[in-house]
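The values are calculated or read from the model by the stated rules, or taken from the named source; none is laboratory data. Just so it is clear, the structure is predicted and the values come from calculations on it, not from any experiment. Using ideal geometry, Cβ is built from the backbone for each residue, glycine included, and neighbour counts are taken over all protein chains shown. We work out accessible area using only protein heavy atoms, side chains counted, and drop any ligands, DNA or RNA first. Shrake-Rupley method; radii C 1.70, N 1.55, O 1.52, S 1.80 Å.
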Amino acid sequence: MGVAEDSEPPLKRVKGPLEESKSLPEDHSTTISVSCSLGDQMARPLTSQGDGETIGSQGVIRKAEFIKIITRALYSLGYDKSGALLEEESGIPLHSSVVNLFMGQVTNGRWDDSVATLRTIGLSDEIMKSASFLILEQKFLELLKMEKVAAALDTLRNEIVPLHVNLDRVHKLASCIISPSQCIRLGISGQDTEGTKSGSKILEKLQKLLPAAIMIPEKRLEHLVERALDVQREACVFHNTLDSDLSLYSDHQCGKNQIPSQTLQVKENGQVLLKHNLCGHQKPVLIVSWSPDDSQILTCGQDEVIRRWDVSSGECLHVYEKTGVGLISCGWFPDGRGIFAGMTDKSICLWDLDGRDLECWKGQRTLRISDMAITDDGKRIISVCRESAILLLDREAKFDRLIEEVDMITSFSLSKDNKFLLVNLMNQEIHLWSIEGDPKLISEYKGHKRTRFVIRSCFGGLDQSFIASGSEDSQVYIWHRCSGELLLALPGHSGAVNCVSWNPGNLHMLASASDDGTIRIWGLDRFNLKGGEQSNGSNHQCNGRS
């Protein structure tokens, strides 16, 4: 089949690979007339510009590609006249005349013509066969819908099968002839074979298959801009702002002032009002755990029992215990419908809220003083099982993995996405482990002080990109999670800082608890925020330069 060159200017051509064209007769040209008066100067023929020419300070951006991507973006945004005008003025067409012809044929469902044109584009044999398969499959399905079974069978035997592509799919298509309901099982609906809608969908699939130089990808400019923002965000060690705060007008870079570093409040003894005095434990209380909906709490006495309390009334709702065995730690199921506990016999037990046993694992599962956690899906239980080992227990698969540490473990913290574990060690190190699949140590954090007490650390900030920890030198330490760089050491307390907690609902708020009897609430340094050059809570480099 011969291919006619498209000699009309862009303003008079069908625009955009995904635009739905009106139904045209079989012998109709694929060009249509667009009424748009832009002056006689726009009627001049295209001239070749930009071939081999580069733009930008580094000379790595090809002008022709740059203009084509902008043109594609204009069409995608619905600015068809502007896109055509850019093609006309630059002399750089978005697609060749052959590709424009091909897209028009596909959009209008002219399957035989489009396959013939496809062979003239200059594709590799593999891509040409795969693209032909997509087109001929659509032809086959439309013939079946029109109940032209003989023609559909001929297309399958003489056009699709000789391609030797996707034979499993070919067998399924053949079954559609015998059983039309097979089309539904293949995920093919009646709408997939309706006129220009089917052509547009096939064009979307072809766009992902054909080389980008042949058919410019949809939203390519948006992808490049998003990737540039990703690079800037990843390079910003203090990044702690929402994506909505990013701007295209200048390069993004957060300053230290985006990390909570200023004391906003100091809670001292007597500043908290007593709501209920929960009585019932006979021994010291080791654990207090809030329910997921904050309406109840669990308390665990040392080697004793677990009690479940109603927060509003202060009433004890249930007592959990096992004869001859003490309980040393506890926590809630993610849905709040059950609890888990570590026992003095080193087993782990699960109960529903009414105290019925659900599961129990015996053996060396927990220590007498043990941190425990459960993933959000309820599938994995995590506990310290030996002085230098953490157990990852898979409830569904009925197997466990171990994290073996180099020193005694004092505490751990599970990330919000359940993919990472932060482990505090006796040797004044904090280790970050990936617990997806086989456990893997991925980062270490140093600088804080720990000699006598249990010090707890936490994840925090945007996407939990920071690690915060208490310290026996009365400071709060903050590291960048990925790089391990120590970013800040916050003075303020007068005693050892035992525990820190980053507000999950406020990226810029952190709490710390100390032996000095106070809890400090940390926020942004508003003085430095006012003194710097900001936009929407971020620092920016002017004119794209550092």
### Task
Enumerate the aspartates and glutamates that Lys256 could reach by cross-link, defined here as Cα to Cα under 14 Å, with residues fewer than 8 away along the same chain left out.
Glu485, Asp525, Glu533
### Task
Just need the Rg to Rh number for the stretch 275-404, please, alpha carbons only, Kirkwood Rh.
0.96
### Task
Tell me the Kirkwood hydrodynamic radius of the stretch 95-218 in angstroms, computed as one over the mean inverse distance between distinct C-alpha pairs.
14.7
### Query
Can you put Lys219, Lys68 in order of accessible area, largest first, using a 1.4 Å probe?
Lys219, Lys68
### Query
Over the stretch 192-351, what number does the Rg to Rh ratio reach, with both radii from the alpha-carbon atoms and Rh per Kirkwood?
1.28
### Anchor Lys145: lysines whose Cα lies under 25 Å away (excluding residues fewer than 8 positions away in-chain)
Lys22, Lys129, Lys172, Lys197, Lys201, Lys205
### Task
Compute the distance in nm between two label points, each set 7 Å from the Cα along the Cα-to-Cβ direction, one at Glu53 and one at Lys208.
3.6
### Query
So which GluC sites (Glu not before Pro) in the stretch 130-179 are both in a DSSP loop and have at most 15 other Cβ atoms within 10 Å of their Cβ?
Glu147
#### Entry: Three-way shape call for the stretch 416-526 based on the alpha-carbon gyration tensor, with the a/c threshold at 1.5
oblate
### Query
FRET efficiency for Glu65 and Val325, Cβ-Cβ distance as r, R0 = 56 Å, nearest 0.05?
0.20
### Task
Distance between Cα centroids, the stretch 114-171 to the stretch 285-299: provide it in whole Å.
63
### Summary
Quick calc: nm separation of the 7 Å Cα→Cβ label points for Asp400 and Asp516 -> 4.1
### Query
Which value, in Å² rounded to 10, gives the accessible area of Trp351 with a 1.4 Å probe and all protein chains present?
10
### Query
Once phi is turned into θ = phi - 60°, what whole-Hz ³J(HN,Hα) does the Karplus curve with 6.51, -1.76 and 1.60 give for every residue of the stretch 53-64, x standing for Gly and Pro?
7, 10, 10, x, 5, 9, x, 10, 9, 6, 4, 4
### Query
Quick one: length gained pulling Asp463 to Ile178 fully straight, 0.36 nm per residue minus the C-alpha distance?
97.3 nm
### Message
On a straight-distance basis, which lysines could pair with Lys440 in a cross-link, Cα separation under 24 angstrom, same-chain partners fewer than 8 positions away excluded?
### Response
Lys379, Lys398, Lys416, Lys419
### Message
Need one number: nm distance between label points at Leu264 and Trp290, each 7 Å from Cα along Cα→Cβ, rounded to one decimal.
### Response
1.5
### Message
Taking 0.36 nm per residue of sequence separation and subtracting the Cα-Cα distance, how much length would be gained by fully extending the chain between Asp310 and Asp168, in nm to one decimal?
### Response
45.1 nm
### Task
Using a 1.4 Å probe and counting only protein heavy atoms, arrange Thr263, Thr120, Thr375 so the residue with the most accessible area comes first.
Thr120, Thr263, Thr375
## Note on the structure
Given a 1.4 Å probe, the accessible area of the stretch 416-526 per residue, as a whole number of Å², is 41
### Query
What whole-number value in Å² describes the accessible area per residue of the stretch 275-404 for a 1.4 Å probe?
49
## Note on the structure
With +1 at each Lys and Arg Cβ and -1 at each Asp and Glu Cβ, the charge dipole magnitude of the stretch 275-404 around its Cα centre, to the nearest 20 debye, comes out at 360
